[in-house]
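Peer 1: Got a structure for you, written out below as structure tokens; questions coming shortly.
The values are calculated or read from the model by the stated rules, or taken from the named source; none is laboratory data. The structure displayed is predicted, hence computed values, not measured ones. Cβ: placed from backbone, ideal geometry, glycine included. Neighbour counts: every protein chain shown. We work out accessible area using only protein heavy atoms, side chains counted, and drop any ligands, DNA or RNA first. Shrake-Rupley method; radii C 1.70, N 1.55, O 1.52, S 1.80 Å.
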Amino acid sequence: MSLEEARKLAYIAAAGNALKYGEARVNPVLGKILGAMPQLRSRAKEVRRLVEEVVAEVNQLPKEELIKIAGRVKEKKRAKEERRWPELVNYSKYDRVVTRVAPEPNGYPTLGHAKGLLIPFIYARLYKGVFQLRFEDTNPRVERLEYYDAIRSEFAELLEATSEELGIGPPKWDVEIIESNDLPVFYKLCRKLLEEGKAYVCTCSQEKVRANRKLGLECECRRRGVEENLELWELMHTTLREGEAHVRLKTDMKHKNPTMRDPGIFRIIEAEHPIQGTKYRVYPTYDFSISVEDSLTGVTHAFRSKEFEPHVEVQKTIIRYLGLREFEMIQFGRITVEGVPLSKRYIRPLIKSGILWGWDDPRIPTLRGLKRRGVSFRALARFIFEMGPSKVDAIVNMESIYALNRKILDPIAERYMFVPDPVKLVVEGSELPEDAELPKHPSKPSLGTRRVKLWPKSGRLEVYVPSSDLKSLRAGERIRLWSLATIKLTSVMPDMAKGELAEHQLGVPIVQWTPVEGCVPMEVVYPDSIFSYRVLSGFGDPGIRELKEGSIVQLLRVGFARIDSHGRVTRGILAHR
Ligand SMILES: [Zn+2]
């Protein structure tokens, strides 16, 4: 790092400084450079002289010039972001990039699905390719129609938010494919494998198959002739029962990758399919369906979670045996959330036992849970984008998602007041205000104000304030009711306080409040951990009644919260501070 580089950086920082404050100043620029290039700290004097020169020069420049210089930072930043996403392997081999997300409709999408959705989506859009949504629905026992719909609507919403956040689009999948519609094609391909002796029907018990696979032993079924295999294949569709027969790929029972030891490719599942009903009873395994369908539907880059890595070899073998079109298979790392289970296996019993409220419980990172908590999908999009398509498994701390969410919400969330554990404060006087004009957002006057009626009566104005604020105050001290008035307390008792209007003084504590008349009974849920939550009861200001369910606001001194429901009591869920 040289002084020359420091000079370049100084120009950019000074230009930014000048644009922001009307004039560049030495100290902030110097601070920025020494922060970015700590190795120059020992030469601080020289660097200061350089910065003084640059600042003097920059302050002479016209605004357009400043914008140009400062703009270089943005360009650099953007280039850095794009660089974090590695180039798509062999993309030039294909006329057009085709990617897909292939969820199984067996549950509600989680944060893990968000990554599985956004990686192929972002790539498809960056490369101006085609993006498919494909339902990987070939295990009818666990699949349900409601999950198809949940996936469609939640994915659509997440793509919408991603387009908005990252500026890429269109925000929708280009094609939707229901894989189970292609079962007849899969059957033909399986028949072909049987006819060519590349697969066989195995009628051994599950235990025997497992043991043989471990020991590297072949079973008698492997020596069956083509005719007999085809006959059994037909019987699988008619009279054979679940577990009595399955089709296995003929590879090598001593293969060093145990997954490759004659893997199963078709089995009988006697369950009603959510779309196909009872039309079919033979279903392909994941290895067969995903690879064959990727090939048949023109996918050029198939993204998979890394946990399936040992299966890549199986999938490539299936494609090769069938002589189907090849494509790129790319692995990405899994997401786990610190302290919270993502797997349906763990969540389901917690819901059943009543510990969780449902799949939209704000304590779990399902997409609907995150939404109910007030996490903007834009924050999720930003989060996944910054994480990138890395192959490394990531342990996510929800706080990092909340931090992004805060950045998105802070400039737009309107401010309301919730008074927990309320105590009545009676303001006495002859000239009490009739109403209060509250800013919707104190640092965004453009968002306007809202009016709250105060209903003073015969020289008394009654408001609620948090008891915790009054506890530490005594008669004679002052308190500031946010955006309304400063009050000098004349008496403080445990269940009520009195006061009068007073001049504002520096250092007076500012508190949230609500008029007694018109206040909204409210509770705010604090999701603590997956096993617990707290509820704070109190009153909201009258404006809260007007908020639509689902609105996200900032409750002054409490945090960002989503209005969950209006009933006898309005319920808010705290997203985070
Ligand atoms: Zn067998």
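Peer 1: Restricting to the stretch 40-97, name every residue that is more than 30 Å from Glu328 (Cβ to Cβ) and modelled with pLDDT under 80.
Peer 2: Within the stretch 40-97, Ala70, Gly71, Arg72, Val73, Lys74, Glu75, Lys76 meet the criteria.
Peer 1: If you don't mind, there's one more thing I want to ask. Just name the residue that is least open to solvent (accessible area, probe 1.4 Å) out of those in the stretch 236-262 that are within 15 Å of the ligand (Cβ to nearest atom) and over 21 Å from Val292 (Cβ atoms).
Peer 2: Looking at the filtered set, the residue picked out is Met253.
Peer 1: Within the stretch 128-144, can one find any residue that is more than 16 Å from the ligand (Cβ to nearest atom) and free of Cβ contacts under 8 Å to residues at least 12 places away in the same chain?
Peer 2: no
Peer 1: Got a sec? Which of Leu215, Leu193 is within 17 Å of Ser291 (Cβ to Cβ) and of a type outside the set (Val, Ile, Thr)?
Peer 2: The conditions single out Leu193.
Peer 1: Determine, yes or no, whether Ala381 is under 28 Å from Glu164 (Cβ atoms), in contact with a helix residue (DSSP H, G or I) (Cβ under 9 Å, 6 or more places away or on another chain) and surrounded by 17 or more Cβ atoms within 10 Å (Cβ to Cβ).
Peer 2: Here the answer is yes, as Ala381 does meet what is asked.
Peer 1: Going by the structure shown, is Ser483 within 15 Å of Arg557 (Cα to Cα) and open to solvent by 30 Å² or more (accessible area, probe 1.4 Å)?
Peer 2: Yes.
Peer 1: Could you tell me which residue of the stretch 120-160 is least open to solvent (accessible area, probe 1.4 Å), considering only residues that are outside any strand (DSSP E or B) and of a type in the set (Lys, Arg)?
Peer 2: Arg125
Peer 1: Within the stretch 294-305, count every residue that is touching a residue at least 60 places away in the same chain (Cβ under 8 Å) and in contact with a Phe, Trp or Tyr (Cβ under 8 Å, 6 or more places away or on another chain).
Peer 2: Looking only at that region, the number is 7.
Peer 1: Show me the strands (runs of 3 or more DSSP E) found entirely inside the stretch 521-577 where at least 1 residues are charged (D, E, K, R) and under 18 Å from Ser376 (Cα atoms).
Peer 2: 559-565
Peer 1: Tell me which residues, restricted to the stretch 391-418, are open to solvent by less than 40 Å² (accessible area, probe 1.4 Å) and modelled with pLDDT under 95.
Peer 2: Ala394, Val396, Met398
Peer 1: Another one. Name the residue, out of Arg43, Arg7, Arg25, that is open to solvent by less than 70 Å² (accessible area, probe 1.4 Å) and of a type in the set (Lys, Arg).
Peer 2: Residue meeting the stated conditions: Arg7.
Peer 1: For residues that are open to solvent by 20 Å² or more (accessible area, probe 1.4 Å), more than 15 Å from the ligand (Cβ to nearest atom) and either small (Gly, Ala, Ser) or out of contact with any Lys or Arg (no Cβ under 9 Å at 6 or more places or on another chain) (or both), tally how many sit in the stretch 186-224.
Peer 2: 7
Peer 1: Go through (1) among the polar types (S, T, N, Q); (2) within 12 Å of the ligand (Cβ to nearest atom); (3) within 42 Å of the chain's Cα centre (by Cα) for Asn181 and report which single condition fails.
Peer 2: (2)
Peer 1: Still on this model: Just give me the residues in the stretch 104-115 being of a type outside the set (D, E, K, R) and either open to solvent by less than 20 Å² (accessible area, probe 1.4 Å) or free of Cβ contacts under 8 Å to residues at least 12 places away in the same chain (or both), in sequence order.
Peer 2: Matches in the stretch 104-115: Pro105, Gly107, Pro109, Thr110, Leu111, Ala114.
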